[in-house]
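To start, the structure under review is shown below, and the notes come after it.
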Amino acid sequence: MTISKTGGIAMAGACLILASCIAMPQAANSQTQTIIEKQVVVPHSVLEFTSAPVARSNYSKRLSDILEQINMAADKGWVTTAQADYMRGWQADVCTEEKALRINNGGIVNRGDADTLEKHVTGLSYYVAKQMNR
């Protein structure tokens, strides 16, 4: 087979394909192809670059949830009034600590303070759960 500059090989290939479709019209028409299209939607994300790492936290939400648990436990009689008052005081102290850390660090809680605050919130949460399940 010789190659010409006008694309003779491509033409020969196209003629061969066309000839095979014409020679077998029943086979080509008897098969049905179902094409299922799957569309994947990827949500856009926003990246924020800062010069210093920023610790994002949800301490205020977690502390609010703990207070709700304390109030519910007191309302249902699962803890005594004295226990509930003690836990509310502890929760208020941790809230005050969290607010002070944010004020002192420009609205964020830095990594070292976040570790300490995490221990306090987790300790309070554990204590509340333990008192509720006595």
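Taking just the alpha-carbon atoms of region 66-134, what radius of gyration and Dmax come out, in angstrom?
Here Rg and the maximum Cα pair distance are 13.6, 41 Å.
Under a point spin-label approximation (7 Å from Cα along Cα-to-Cβ), what is the MET72-ARG88 distance to one decimal in nm?
Going from the MET72 label point to the ARG88 one covers 1.8 nm.
What net charge is computed for the residues neighbouring GLN131, neighbours being all others with C-beta under 13 Å from the C-beta of GLN131, Lys and Arg scored +1, Asp and Glu -1?
Around GLN131, the surrounding residues sum to +3.
Need the list of aspartates and glutamates near LYS76 for cross-linking: C-alpha distance under 15 angstrom, and skip anything on the same chain fewer than eight residues off.
Cα-Cα hits under 15 Å: GLU68, ASP85.
Any read-out appearing in this document is the output of simple, stated calculations on the displayed coordinates, not a laboratory observation. Predicted model, so just to flag it, every value in this text is computed and none were measured. All Cβ positions, glycine included, derive from the backbone under ideal geometry; neighbour counts span all protein chains shown.
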